[in-house]
There are 2 protein chains.
Amino acid sequence: MKKYFYCNGKILDSRKPAVLINDIGLLRGYGVFDFIRTHQGKIFHFADHFRRFTRSARLLQLRVPLRQQATEKMIHKLLRKNKVREASIRLLLTGGPTADGLSYTDPTFAILIEDIYTFPQKLFTQGAKVITYPHQRLLPTSKNNNYIQAIRLAPERLRQKAVEVLFTDKDKILECSTSNFFIFKGDTLITPRADILPGITRQIVLRLARKKFWVEERAVKISELAQASEAFLTATNKFVMPVVMVDKKKIGKGRVGERTKWLMKSFAEYVEHYR
Amino acid sequence: MKKYFYCNGKILDSRKPAVLINDIGLLRGYGVFDFIRTHQGKIFHFADHFRRFTRSARLLQLRVPLRQQATEKMIHKLLRKNKVREASIRLLLTGGPTADGLSYTDPTFAILIEDIYTFPQKLFTQGAKVITYPHQRLLPTSKNNNYIQAIRLAPERLRQKAVEVLFTDKDKILECSTSNFFIFKGDTLITPRADILPGITRQIVLRLARKKFWVEERAVKISELAQASEAFLTATNKFVMPVVMVDKKKIGKGRVGERTKWLMKSFAEYVEHYR
């Protein structure tokens, strides 16, 4: 995490305490966030991220104290002050201090500048593994702070050399802990539509995919994994990442597929030309 | 909240920032807590609360940095420093600062001293209302910080003049957002056993109840509410609180029942003699 961050009207030093112990975000996990990054120094799809952030907030009856334009201006100020051109940006909004652990009045709104995490190149050339776990995120269409399962499962995921946990609900595939999930059956790209976080990268990839493939946004059964020829996931910091193994089972031939490669390339080009 | 609290080896002023912005408890809701109170200046059932706290922590792969005895000593020190004899005590443990939003090494452990919230006497003499909502808490046997639903539903609960939200899962009753739930059918006391937080007050009340009633700890169907003659809930700050209405339906005759009164009295006596 970079030195300077914004919190409730001030630019503060991230190495010093900034939050009261009775913040309802800390005592009760009551908050939402969004995670954005820059490409060529531009904040990638900021309007989409800010709209989603506002929507997440509304689901928790919270209001973002800064408007879109002011937030964008502040992010650029923080990037300059932290002397970075490319970075990850985290927006955080909690209910703020609480007297009774239940009610709140003055929200805590922060903007954090973080290093971009780069995944090993091998994952993109040879494909990644994911493991499944039955879990339905609370209020899944909102990016709320409740990531207990993702964090709790991280040691087991690492032990199994998996890049993500794919959450399932009964016989259905939902999403990964911080990524959306897709499969190809021949020329048809399939991805869950409901009970997931509507990813920004997901949206762009679907738009690109429609040029070349059939696209189905619908409930996806776990059993369909056996019929999939290719799979991949999308996320702000993973772009299009091929998936060649789910638990102990190969997807298709267990190699990065041609259709996924085309999407990886298309997305990379889209990002490269983003202004 | 009282002025002085404990955090990672220090006694701090609760009106000043104490927590780093990148605490995983704040960014990801990754933490557990416990809530205790004093009676006659004694910490009520501290060993039970501390054991549960340790168990909640373990479910999140966290370790409580202070032992039971040292924690108890620190609570008494905080009570003296805050010049209070009777208080509520909150233990809080998060993963601590995180660089990547996923991993952590140095936990944040805090002890907060809070005012005791006293519920209106009317709720005990005339009985309370609860509203139902379908929700299964994450890792329900642990007291983790994920209280998004309880807080989100608070405005609607208050609008309906209800004291609690009773969570249901499919056709079953589980627990309230911060209380356990019980019904009487004649001389049989019935309360859910699985997928709930094992309340300390619940345990004591069940022990007292066994002297006089049949006790069944088992899955309870929502449809059984219609057959219940009495109902009540238990919590550290609510003791035994009679419930006379669930949503728009009366429990029994809609009055505080004799069996519930007996338990309220027994628990009050137990508390009075607690040393």
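Values in this text are rule-based calculations from the coordinates and carry no lab data. This structure is a prediction, so every number in the text was calculated from the model and none was measured. In this analysis, Cβ positions are derived from the backbone assuming ideal geometry, glycine residues included, and neighbour counts consider all displayed protein chains.
Take each residue in B:141-147, count the other chain C-beta atoms within 10 Å of its C-beta, and the mean is 5.
Computed over region A:4-114, relative contact order equals 37 percent, with contacts defined as Cα pairs under 8 Å that lie 6+ residues apart. Label-point distances for residue B:198 to the equivalent site in the other copies, using a point 7 angstrom along Cα→C-beta, read 4.4 nm when ranked shortest first. In the elastic network of chain A, a GNM with C-alpha springs shorter than 10 Å, the most mobile of A:116, A:200, A:21 is A:21. Here region A:107-196 is treated with +1 on each Lys and Arg Cβ and -1 on each Asp and Glu Cβ, and its dipole about the Cα centre works out to around 240 debye. The protection proxy used here, the mean number of other Cβ atoms lying within 10 Å of each residue, ranks peptides A:22-32, B:221-231 as follows, highest first: A:22-32, B:221-231. For residue B:266, the shell of other residues with beta-carbons less than 13 Å away shows a net charge of +4, using +1 for Lys and Arg and -1 for Asp and Glu.
Computed from phi, the 3J(HN,Hα) profile of region B:180-187 under the Karplus parametrisation 6.51, -1.76, 1.60 (θ = phi - 60°) reads 8, 10, 9, 10, 10, 10, x, 8 Hz, with x in place of Gly and Pro. Residue A:216 label point (Cα plus 7 Å toward Cβ) to equivalent points in the other copies: 4.6 nm, shortest first. Label-point spacing for residue A:274 across the identical copies (point 7 Å from Cα in the Cβ direction), in nm and ascending order: 5.5. Residues whose amide H lies under 5 Å from that of residue B:189, counting only those 5 or more places away or on a different chain, are B:214, B:215, B:216; hydrogens are built 1.01 Å from N in the peptide plane. A cut-off under 11 angstrom between Cβ atoms defines the neighbours of residue B:29, and their net charge, with Lys, Arg +1 and Asp, Glu -1, is +1. Here chain A is treated with +1 on each Lys and Arg Cβ and -1 on each Asp and Glu Cβ, and its dipole about the Cα centre works out to around 680 debye.
Under the rule a/c < 1.5 gives rounded, and otherwise a/b versus b/c splits prolate from oblate, where does region A:28-156 land using the Cα gyration tensor? Here region A:28-156 falls in the oblate category. Chain B versus the axis that turns it onto chain A: the residue with the nearest Cβ and the distance in whole Å amount to B:29, 1.
Stretched out straight at 0.36 nm per residue, the stretch from residue B:262 to residue B:212 would grow longer than its current Cα-Cα span by 17.1 nm. If you find the alpha carbon centre of region A:120-186 and of region B:2-62, how far apart are they in angstrom? Region A:120-186 and region B:2-62 have Cα centres spaced 30 Å from each other.
Measuring between their Cα centroids, region A:70-107 and region B:206-252 lie 44 Å from each other.
Counting only DSSP beta bridges with both residues in the protein assembly as shown, what percent are antiparallel, rounded to the nearest 5? DSSP beta bridges in the protein assembly as shown are roughly 80 percent antiparallel.
Mind pulling the angle between the C-alpha long axis of helix A:200-209 and the longest principal axis of chain A? Nearest 10 degrees, somewhere in 0 to 90. With rounding to tens, the tilt is 30 degrees. In order along region A:58-72, phi translates into HN-Hα couplings of 4, 5, 9, 6, 10, 10, 6, x, 9, 6, 4, 5, 5, 5, 4 Hz, rounded to whole numbers, per the Karplus curve 6.51 cos²θ - 1.76 cosθ + 1.60 with θ = phi - 60° and x for Gly and Pro.
Quick one: go through region A:132-163 and flag any residue whose amide nitrogen is under 18 Å from the point 7 Å out along the Cα-to-Cβ line of residue A:126. In region A:132-163, the label zone of residue A:126 (backbone N under 18 Å from the point 7 Å along Cα→Cβ) covers A:158-163. The ellipsoid equivalent to the alpha-carbon distribution of region A:89-201 has semi-axes of 30, 18, 15 angstrom, derived from the gyration tensor eigenvalues as √(5λ) and listed largest first.
Under 10 Å from the Cβ of residue A:104, count the other residues' Cβ atoms, weight Lys and Arg +1, Asp and Glu -1, and hand me the total. Counting the neighbours of residue A:104, the net charge comes to -2. For region A:124-275, a Kirkwood radius taken over Cα pairs fed into Stokes-Einstein (10 °C, viscosity 1.306 mPa s) yields D = 103 µm²/s. Each peptide among A:126-137, B:152-163, A:91-102 gets the average number of other Cβ atoms lying within 10 Å of its residues, and from highest to lowest they stand as A:91-102, A:126-137, B:152-163. Legend: distances between Cα atoms for B:185/B:253; B:122/B:211; A:16/B:3; pairs beyond 24 Å are B:122/B:211.
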